[in-house]
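The values are calculated or read from the model by the stated rules, or taken from the named source; none is laboratory data. It should be emphasised that the depicted structure is a prediction, and the values quoted were computed from it without experimental measurement. Virtual Cβ from ideal backbone geometry, glycine too; neighbours counted across all protein chains shown. Heavy atoms of the whole protein, side chains included, go into the accessibility calculation; ligands, DNA and RNA do not. Shrake-Rupley method; radii C 1.70, N 1.55, O 1.52, S 1.80 Å.
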Amino acid sequence: METRKIQVPNDVLIAEIKRMLDKGHSATFRVKGYSMRPFLENERDIVKIEQTPAESIKENDVVLAEIATKKYVLHRVIDRTDNQLTLRGDGNIQGIEHCLDTDVVGIATAFYRKGRAKPDTIDGMKWKLYSNMWLFLTPFRRILLGLYRRLPFKL
């Protein structure tokens, strides 16, 4: 069976993701953009999103959120104060976004990296190690991302 890749406009894709999550299903999609480097690569990796209660979102969760009208990001929660979330992409050096916990479409629960059939789950040791290590290295992101961009291969 041949696999085809199609590009769907974000407004159509997000509407369908919301519809699936509202029905109690999960949704998977290929990431687009570089803001979650080095662990999620543009048009290579796939993320699985599930619905979650707004009050259960916590720091370090990776969420799909609406940060402005019809503008969505897949970023990590770096701070939560009451219902206010601060988000930053792993590949971003300084830029942050803000939203309410009710603006979260879903939470990432698994990642299919490098075309693998077996996902890295958020409760797995590998993803926890990556996440904690990368967050610890935040002060050195500029240097590390600069080196990463120059690598002849992607992690």
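Only one residue in M20, M36 is touching a residue at least 24 places away in the same chain (Cβ under 8 Å) and surrounded by 14 or more Cβ atoms within 10 Å (Cβ to Cβ). Which one?
Only one candidate qualifies: M36.
With the checklist (1) modelled with pLDDT under 90; (2) farther than 14 Å from V31 by Cβ in hand, flag the one item G91 doesn't pass.
(2)
Among the listed residues R88, R116, identify the single one that is free of Cβ contacts under 8 Å to residues at least 24 places away in the same chain, within 24 Å of R44 (Cβ to Cβ), open to solvent by less than 60 Å² (accessible area, probe 1.4 Å) and basic (K, R). I'd like the intermediate steps shown before the answer.
On the way: R116 fails: open to solvent by less than 60 Å² (accessible area, probe 1.4 Å).
Testing whether each residue is free of Cβ contacts under 8 Å to residues at least 24 places away in the same chain, within 24 Å of R44 (Cβ to Cβ), open to solvent by less than 60 Å² (accessible area, probe 1.4 Å) and basic (K, R) leaves just R88.
Here's a check for you: in segment 41-59, which residue that is in contact with a Ser or Thr (Cβ under 6 Å, 6 or more places away or on another chain) and modelled with pLDDT under 95 is least open to solvent (accessible area, probe 1.4 Å)?
As a first pass, look at segment 41-59 and keep what is in contact with a Ser or Thr (Cβ under 6 Å, 6 or more places away or on another chain): 46, 48, 50, 54.
Then drop every residue that is not modelled with pLDDT under 95, which leaves 46, 54.
Values: I46: 48, A54: 25 Å².
By that ranking, first place goes to A54.
Could you name every one of the strands (runs of 3 or more DSSP E) located completely within segment 62-155 that has at least 3 residues being under 18 Å from T52 (Cβ atoms)? It would help to see each step written out before you state the result.
Values: elements: 62-68, 71-81, 84-88, 97-100, 104-112.
Ranges flagged: 62-68, 71-81, 84-88, 104-112.
How many of the residues in segment 120-155 are in contact (Cβ under 8 Å) with a residue 12 or more places away in the chain and open to solvent by less than 40 Å² (accessible area, probe 1.4 Å)?
Residues meeting the conditions: 6.
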